[in-house]
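The values are calculated or read from the model by the stated rules, or taken from the named source; none is laboratory data. As the structure is a computational prediction, the values presented were derived from the model and not from experiment. Every residue, glycine among them, receives a Cβ derived from its backbone with ideal geometry; neighbour counts consider all protein chains shown. All accessible areas refer to the heavy atoms of the entire protein, side chains included, with ligands and DNA or RNA removed. Shrake-Rupley method; radii C 1.70, N 1.55, O 1.52, S 1.80 Å.
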Amino acid sequence: MPGTVAEHTVCLLVKLGQVAFRLSEDSLEDTGLRVRHYSILQALADNGPQPQLGLGTHLRIDPATMAGSLDLLENAGYVTRARDRTDRRRYVVELTPAGTTALSRVNGKLGLLDTQVFADLAPADRTALHRILTELASGATLPTLFDEARDRTGSRKES
């Protein structure tokens with residue numbers, strides 16, 4: 001980070017996030033998947049079948065990007081989409097066995113990347129960093145600020 005830009009934690013986090021995103025995308029390149037595809041597969045593994053719109057809302061992925069991502073995942077055989085039996089206007093997305101296998105491979109790659117990226121930290125520091133980032137991500141403030149900013153600008157950018 002140039003100069004004193006890193007004095008602002010949020011700026012440091014942005015730069016580190018950009019680097020982590022690029023490294024994550026590169027590590028997944030041979031799978032044909034991207035980080036957003038991973039987040040969809042993992043959300044389905046964690047929560048079971050989900051309505052397409054609700055899944056996109058949960059992951060903060062705009063509907064057009066979600067549809068394109070699901071097209072890719074469906075064509076690869078990793079998910080299925082079917083009409084919701086209770087509301088024929090909705091699609092329900094479900095992880096397939098091939099999707100579970102792909103997810104396992106991606107989790108292995110991301111686990112290895114975690115080890116490489118955080119190699120300079122002591123194990124206790126890695127654990128503390130993960131705990132702090134999890135608190136930020138699961139707290140009310142950051143998601144609320146993100147949603148308010150998106151609503152103000154009318155932007156539906158993916159997080």
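Tabulated results
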{"read-out": "Environment charge of Thr144, counting only residues whose C-beta is closer than 13 Å and scoring Lys/Arg +1, Asp/Glu -1", "value": "0"}
{"read-out": "Inter-label distance for His58 and Ala82, nm, one decimal - labels placed 7 Å from Cα along Cα-to-Cβ", "value": "1.8 nm"}
{"read-out": "Label point distance in nm, Ala45-Leu145, each placed 7 Å from Cα along Cα→Cβ", "value": "3.0 nm"}
{"read-out": "Value of [θ]222 nm, deg cm²/dmol, for the chain, DSSP H segments ≥ 4, -39500 (n - 2.57) each, nearest 500", "value": "-21500 deg cm²/dmol"}
{"read-out": "Cut-off of 10 Å, at most 10 other beta carbons, DSSP loop: longest stretch of the chain lacking such trypsin sites (Lys or Arg not before Pro)", "value": "1-84"}
{"read-out": "Most mobile of Leu129, Leu55, Leu41 in a GNM of the chain (Cα contacts under 10 Å)", "value": "Leu129"}
{"read-out": "Nearest 10 degrees, 0 to 90: helix 63-75 Cα axis against the chain principal axis", "value": "70 degrees"}
{"read-out": "Folded to 0 to 90 degrees: helix 123-138 orientation relative to the chain principal axis, Cα", "value": "50 degrees"}
{"read-out": "Degrees between helix 35-47 axis and first principal axis of the chain (Cα, 0 to 90, nearest 10)", "value": "70 degrees"}
{"read-out": "Euclidean distance between Cα centres, the stretch 83-159 to the stretch 15-36, Å", "value": "13 Å"}
{"read-out": "At 1.002 mPa s and 20 °C, Stokes diffusion of the chain via Kirkwood alpha-carbon radius, µm² per second", "value": "122 µm²/s"}
{"read-out": "Accessible carbon and sulfur surface of the chain relative to its total accessible area, %, 1.4 Å", "value": "58 percent"}
